[in-house]
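Presented below is the structure to which this report refers.
What follows draws every value from the coordinates through simple rules; no lab data is involved. Quick caveat, the model's predicted, so the values are computed rather than measured.
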């Protein structure tokens, strides 16, 4: 049996759950890989594997995330059984998935009623989260090819929705819109409460595996997006203009679209 190694990679473009999931999918087809841990704050990836790191490095290079091998050390004494159970993590992910899926629908309806592009884009961010969590749960015990098909379907759906949101921004820029600031705030506060609940559920797992750390960071970023919508609503009310609503919508939609493009670039 080949010796167990622990290799650390720098991955500069791995900065959210979408990129972290791409990495996990790319390494899922590597039989030699036994453990993957990601630190999104420092853009570092630690992989425990059997034998030399060449195949792992090649799989990461194919993602075009700027990965670079930093160090490889012996890992024969590492205990791979420690840490939170898969059952507990899966149960938490299912709850967070349900929250994000529900808020996607709620924010989409609220966006129509409030005539708000920012709420519409924020609902797409909720959909992107739900897709990542759902994909993580779906692909755990499935073949590499099935995981890739599921990932690409998620990427296509995210991309179509993001393009639709950007198109809606352009339409409202040309023909005008009249966002309802009070309703925007109400819906955004509900989304903020939903994400705060998700953070509470994920808090006890944030020191666990890479996917749980990524979920924590992703949800934290969602809170920032929710606050952005609330600020946009305040500026809409203060300035009597729809421009803040359109600016925030564009920013969120571009982020979702970027994540979709990276998923679609995933290679066999």
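Length, then width, then depth: along the principal axes, the Cα atoms of segment 4-74 run 28, 22, 17 Å.
What percent do you get for the relative contact order of segment 4-74 when only Cα pairs under 8 Å and 6+ apart count? After rounding, I find 51 percent.
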